[in-house]
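K.L.:
Okay, handing you the structure first.
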Amino acid sequence: MRNRVEPRRVGPGDLGVDRELVRRSRRGDPAALEELVLLTTGRAYRLALRIVGDRDEAEDVVQEAYVRVFRALPRFREEARFETWLHRIVVNAALNHLRKRGRFGEVVQVDDLDAQTPDRGAERAEDRDALERALAALPPGQRTAVLLKDVYDLSCREIGEELGIEEGAVKVRLHRARKRLRALLDQGSVDEM
Amino acid sequence: MRCEQARELIPAYLDDALHAAGALEVHLATCADCARVLADYRRMLEELRALRDRGEEPSIELVERILALIPTTGIGARVLGTRVLGSVQAHPVAYAVAGVGSAVVGATAVAAMRWWRRRVEAPAG
């Protein structure tokens with residue numbers, strides 16, 4: 001009988017997934033795997049939710065991602081960072097989910113503000129702070145670049161591979177997105193005065 | 001360098017992705033306004049990074065479903081299998097030589113045993 005199901009609340013930075021925990025998990029130690037799940041599901045779920053924008057769909061994506069994690073764990077290189085590896089699997093599962101539903105185009109649209117797809121989490125905008133609101137106001141292609149690079153720490157190369165675009169194109173989106181985000185935040189702080 | 005140019009370059013400078021950062025750094029050292037803009041960007045990046053721990057928690061049901069997916073057996077065996085396969089792929093010549101060598105030694109041993117049996121079983125005289 002399992003009695004610990006609460007995902008751990010942790011501070012910013014590393015989740016505490018150290019090499020020893022990953023090594024024990026790779027050996028199939030159920031206690032280590034349970035610990036790994038409890039430490040990582042919070043960030044994995046929020047990442048999926050920010051990409052697909054729907055709680056039920058995000059849960060499906062995260063579940064699919066962990067199925068892949070358990071299957072691929074023997075091939076995981078211990079010198080790599082587990083969390084980055086996990087996040088990439090979640091991103092891949094989330095983008096596949098959007099592809100199946102014909103919504104992949106949403107996350108790769110760039111700059112066309114008139115054709116902008118609203119952030120599907122926008123109904124929760126009242127719960128958000130200025131940064132989340134500014135992020136939600138970005139064109140989807142730029143939002144995705146900032147989300148994956150600046151929030152979840154994927155490299156521009158990894159983002160390009162997942163989105164099917166060149167690394168250079170990711171950098172251009174990212175730099176434009178940061179400028180627009182900064183402008184939106186400056187505008188917001190002026191509006192609040 | 002003018003301030004407009006500096007502000008165009010700052011978003012790329014944050015990733016050390018700028019090949020010619022020298023001129024920008026000279027400007028930043030002498031322009032308090034642009035240095036403040038850079039500091040604002042850096043603070044924004046810190047706040048963005050903190051978003052991964054802000055927001056909704058997954059439901060208890062989801063965490064339980066994932067815990068139930070934990071394989072009770074098999075991962076350790078697959079790790080061993082992956083290691084063996086990886087080792088063979090990394091050193092194919094060594095494994096081929098070892099394989100041929102083992103076959104030769106085995107065949108020689110079998111031949112020697114047969115020869116010895118024939119000799120022992122041969123009628124005296």
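The values are calculated or read from the model by the stated rules, or taken from the named source; none is laboratory data. Since we're looking at a predicted model, the values are computed, not measured. Counting neighbours? That spans all protein chains shown, and the Cβs are built from the backbone with ideal geometry, glycine included. Side chains are part of the model used for accessible areas, which takes the heavy atoms of the whole protein and leaves out ligands, DNA and RNA. Shrake-Rupley method; radii C 1.70, N 1.55, O 1.52, S 1.80 Å.
K.L.:
From the list A:Glu35, A:Glu79, A:Glu20, exactly one residue is of a type in the set (Asp, Glu) and buried (at least 16 other Cβ atoms within 10 Å of the Cβ). Which is it?
P.N.:
Of the residues listed, the single one that is of a type in the set (Asp, Glu) and buried (at least 16 other Cβ atoms within 10 Å of the Cβ) is A:Glu35.
K.L.:
Among the residues of segment B:1-27, write down those that are within 38 Å of the chain's Cα centre (by Cα) and either β-branched (Val, Ile, Thr) or in a helix (DSSP H, G or I) (or both).
P.N.:
The answer is B:Ala6, B:Arg7, B:Glu8, B:Leu9, B:Ile10, B:Pro11, B:Ala12, B:Tyr13, B:Gly22, B:Ala23, B:Leu24, B:Glu25.
K.L.:
Check whether at least one residue in segment A:84-107 is on the phi < 0 side of the Ramachandran plot, of a type outside the set (A, V, I, L, M), part of a loop (DSSP other than H, G, I, E, B) and at pLDDT 80 or above, and report yes or no.
P.N.:
At the first step, the residues of segment A:84-107 found to be on the phi < 0 side of the Ramachandran plot are A:84-101, A:103-107.
Right, trim to of a type outside the set (A, V, I, L, M) and you get A:84-85, A:87-88, A:92, A:96-97, A:99-101, A:103-106.
With the extra rule that they be part of a loop (DSSP other than H, G, I, E, B), the set shrinks to A:101, A:103.
Next, only the ones that are at pLDDT 80 or above stay: A:101.
Yes, because at least one residue in segment A:84-107 is on the phi < 0 side of the Ramachandran plot, of a type outside the set (A, V, I, L, M), part of a loop (DSSP other than H, G, I, E, B) and at pLDDT 80 or above.
K.L.:
OK, next. Considering only residues that are buried (at least 21 other Cβ atoms within 10 Å of the Cβ) and not in a helix (DSSP H, G or I), which ones fall in segment A:146-178?
P.N.:
Listed by number, the residues that qualify are A:Tyr152, A:Leu154.
K.L.:
Now a separate question. Within segment A:34-56, which residues are in contact with a helix residue (DSSP H, G or I) (Cβ under 9 Å, 6 or more places away or on another chain) and more than 10 Å from every other protein chain (Cβ to nearest Cβ)?
P.N.:
A:Glu35, A:Leu39, A:Ile51, A:Val52, A:Gly53
K.L.:
Could you say whether any residue in segment B:28-50 is in a helix (DSSP H, G or I), modelled with pLDDT of 85 or more, over 30 Å from A:Leu138 (Cβ atoms) and within 9 Å of chain A (Cβ to nearest Cβ)?
P.N.:
no
K.L.:
Could you check how many residues of segment A:49-77 are more than 20 Å from A:Leu38 (Cβ to Cβ) and not in a helix (DSSP H, G or I)?
P.N.:
Of the residues in that region, 3 qualify.
K.L.:
Something else now. Within 11 Å of the chain's Cα centre (by Cα), closer than 19 Å to B:Arg65 by Cα and open to solvent by less than 30 Å² (accessible area, probe 1.4 Å): which single residue out of A:Ala58, A:Ala72, A:Ala65 fits that description?
P.N.:
A:Ala58
K.L.:
Which pairs do you get when a residue that is more than 24 Å from A:Arg46 (Cα to Cα), found in segment A:8-35, comes within reach of a residue that is modelled with pLDDT of 85 or more and not in a loop (DSSP other than H, G, I, E, B), reach meaning Cβ atoms under 7 angstrom, with the pair 6+ apart or on two chains?
P.N.:
From segment A:8-35, the pairs are A:Arg24/A:Ala32; A:Arg26/A:Leu73.
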